[in-house]
Structure formats: C-alpha cells, structure tokens
Amino acid sequence: MNKSLNYLYSSYDTRFPDKEEESSLIKYCNSLKFRLEVMKEVEQKEKAIISESVTFMMNKYPSLDENFNDVKYKTYRDLSLILRYCVLAMVRDDLDFLKNQLLYWLRTILKSFGFETGSLIDTYRKMDELCERELDPKAYKIMKPYLSSVIEIVNL
C-alpha cells in the first residue's frame, strides 16, 4: 500500500483514524475497482504493447543484438516486468513502491551491463506511447505517472 495507508494501518493498534485518514482510506477504496479494471485492461494488451516495443528497439538499435546475448528475449522479459510493476504500483497507489522495488535496482543493473541510456529511454518512451494508444484514456491517465517514472529514473 501507499505510505499513508501503511502508516494508517500500522497505527490502528494504538488509536482510531481521524477524519482526514478516514477520507484517505475511503478515497483509495473507492478507486480500487477502477484500478483493478485498469490492471485487467493492461493484462489483455500487454503482449501487443511489449512485442511492439521490442520490435521498435531491435529495428532502431540492431547493434544491440550483436553486442549482447538474447537481447530480444531479455528485453521482452524486462519490459514485461517493468509494465507489471507499473501496474502493481498503480493498484497500490504507490509510486515509491515502483521506484524502490524495481527502478533503482534496474537502473544499476542496466548501467553495469553497459546499456546505452538512449536506447533504453527510446524503448521506454515507445512503451509509454503504445500504452497511450492501446489503453482507454482514463486507464492511461492513471498509468502515466508510473510509466513516466520509468523514463525519469533510468535516465539519471
């Protein structure tokens, strides 16, 4: 859960929530059905989004296939992981979860293997564009901050 909900849950053993905390919890609960619907929509469109993103990268950066082993497979795997973590963070309403549980680690790993930031950013931007194209506008709007964080963190 997001930080405020985690804090709220952990403090229930010593007190009851105040009005603001109740409101925050109600707001999250009211949004949960929609968040789960978005999760299902992304799940249905994941293969198309990831496949087209990988094809884009391989066409734009053909030398990656020469310099690294199993690039197509690994890129597909990694993009799937990234998109799924974005969805999980969106359902949790917790951008810090995405950053702390995946993106900082991923940035370190990708840089240690010598991946060019340009190819990564281009590929993540393409995935973002494809999400915008494939998802319902409301679904994309709630996913956008998470997708943008991928580009922001890996680009550091």
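The values are calculated or read from the model by the stated rules, or taken from the named source; none is laboratory data. Since we're looking at a predicted model, the values are computed, not measured. Note that each Cβ is placed from the backbone with ideal geometry, even for glycine, and that neighbours are counted across all protein chains shown.
Observations
- Total residues in segment 136-156, condition among the hydroxyl-bearing types (Ser, Thr, Tyr), farther than 20 Å from Gln44 by Cα and surrounded by 17 or more Cβ atoms within 10 Å (Cβ to Cβ): 1
- Leading residue by the ranking (surrounded by the fewest Cβ atoms within 10 Å (Cβ to Cβ)) among those in segment 54-83 that are among the charged types (D, E, K, R) and without any contact (Cβ under 8 Å) to a residue 24 or more places away in the chain: Glu66
For every residue, the table says whether it meets (1) closer than 25 Å to Asp136 by Cβ; (2) of a type in the set (Asp, Glu).
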position	(1), (2)
Val42	yes, no
Glu46	yes, yes
Asn59	no, no
Lys72	no, no
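- Count of segment 126-156 residues which are at pLDDT below 95 and in contact with a helix residue (DSSP H, G or I) (Cβ under 8 Å, 6 or more places away or on another chain): 5
- Number of the condition not met by Arg133 [criteria: (1) crowded, with 17+ Cβ neighbours inside 10 Å; (2) within 19 Å of Glu37 (Cα to Cα); (3) not aliphatic (A, V, I, L, M)]: (1)
- Selection count, segment 8-49, where residues are surrounded by 14 or more Cβ atoms within 10 Å (Cβ to Cβ) and either outside any helix (DSSP H, G or I) or over 22 Å from the mean Cα position of the chain (by Cα) (or both): 5
- Just one of the numbered conditions (1) under 9 Å from the mean Cα position of the chain (by Cα); (2) among the β-branched types (Val, Ile, Thr); (3) modelled with pLDDT under 95 is not true of Thr117: (1).
- Filter result (without any contact (Cβ under 8 Å) to a residue 40 or more places away in the chain and surrounded by fewer than 18 Cβ atoms within 10 Å (Cβ to Cβ)) within segment 89-113: Asn100, Gln101, Trp105, Thr108, Ile109, Lys111, Ser112
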